[in-house]
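*Asks:* Questions regarding the structure given below will be posed in turn.
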Amino acid sequence: MGAKGYAVNAACVENTGAWVCALAGKFIVFDGPDGSGKSTQFRNLIDLAQQYGVVVCEVREPGGTHVGERIREILLDPVHDEMALRCEMMLYMASRSQLVEERIRPALARGVLVLADRFVSSTFAYQGAAGGLPEREIMHVAHAALGEPGSAESAWPDLVVVFDVDEKTAATRLNPLLDRMERKSAEFHKKVRQGFLDQATRDPRHHIVIDAAKSECDVSRALLDALHRHIDQQEV
């Protein structure tokens, strides 16, 4: 759809410019199961924000830094199928820690909108809900990587947007060259999806869920409406 299509949808949302500009200085994560279409919406929101002069720091996980990209190669390479679950979790968190130190904290300090394609919510869904690691173990490592929530050094997101899609629909959208995580079983991906939904249920103040099974235009419209409502609620 691109920037032009997103601008058309934005016109359907009242006072678009005002609430888009209010995203400056926020840390927003796009997350969800593989094949949810979140990366397309991620790019579209960046285009929209830039139309209104909002400076954006875009990052992806795992990766986003020189160190993180090397870790990404290890994590997603199917040759490493024997990787232990705790090793996997800590490698994701190591990449995340570098990303926070090198890019996310400096950007937030400058009042820049930080948009992340995946973040710690993925670890809770993939290694936690689907993999079986206890949430408390993941949380301990997350505190070391991101800081304590609410502290001056905290790098926890202001909002996580979960793009929800069923496993069958998601499977039709994946690249045929599947990475190590995408190759997991249908049952695994079903648990991943539920893991994301459970996070949103437990903490609705910091999560919104978007039905990503619809058309790209419908999903973008739902996203803009939800972001607008979220910003309005924060300003009350």
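*Asks:* Report, by residue number, each residue of region 109-164 that is assigned to a loop (DSSP other than H, G, I, E, B), touching a strand residue (DSSP E or B) at 6+ places or on another chain (Cβ under 6 Å) and of a type in the set (A, V, I, L, M, F, W, C).
*Replies:* Hits for region 109-164 are Val112, Phe119.
*Asks:* What tally of residues in region 79-93 results from selecting those that are among the small types (Gly, Ala, Ser) and closer than 15 Å to Val120 by Cα?
*Replies:* Count: 0.
*Asks:* Which residue is surrounded by the fewest Cβ atoms within 10 Å (Cβ to Cβ), if the candidates are limited to region 79-104 and must be among the charged types (D, E, K, R) and over 30 Å from Lys26 (Cβ atoms)?
*Replies:* Per the criteria, the residue is Glu82.
*Asks:* Go through region 121-160 and give me each residue that's within 17 Å of Leu99 (Cα to Cα), of a type in the set (A, V, I, L, M, F, W, C) and surrounded by fewer than 16 Cβ atoms within 10 Å (Cβ to Cβ).
*Replies:* Ala144
*Asks:* So, in region 64-75, exactly how many residues are under 22 Å from Ala107 (Cα atoms) and either in contact (Cβ under 8 Å) with a residue 60 or more places away in the chain or part of a loop (DSSP other than H, G, I, E, B) (or both)?
*Replies:* Total meeting the criteria: 2.
*Asks:* I need the full set of residues from region 25-63 which are touching a residue at least 40 places away in the same chain (Cβ under 8 Å), touching a Lys or Arg at 6+ places or on another chain (Cβ under 7 Å) and small (Gly, Ala, Ser), in order please.
*Replies:* Gly32, Gly35, Gly37
*Asks:* Okay, next question. Tell me which of these Ala222 doesn't satisfy, since it passes every other one: (1) within 24 Å of Ala22 (Cβ to Cβ); (2) in a helix (DSSP H, G or I); (3) touching a residue at least 40 places away in the same chain (Cβ under 8 Å).
*Replies:* So Ala222 meets the others, but not (3).
No value in this document is a laboratory result; all are computed from the given coordinates. Please read all numbers here as calculations on a predicted model, not as lab measurements. In this analysis, Cβ positions are derived from the backbone assuming ideal geometry, glycine residues included, and neighbour counts consider all displayed protein chains.
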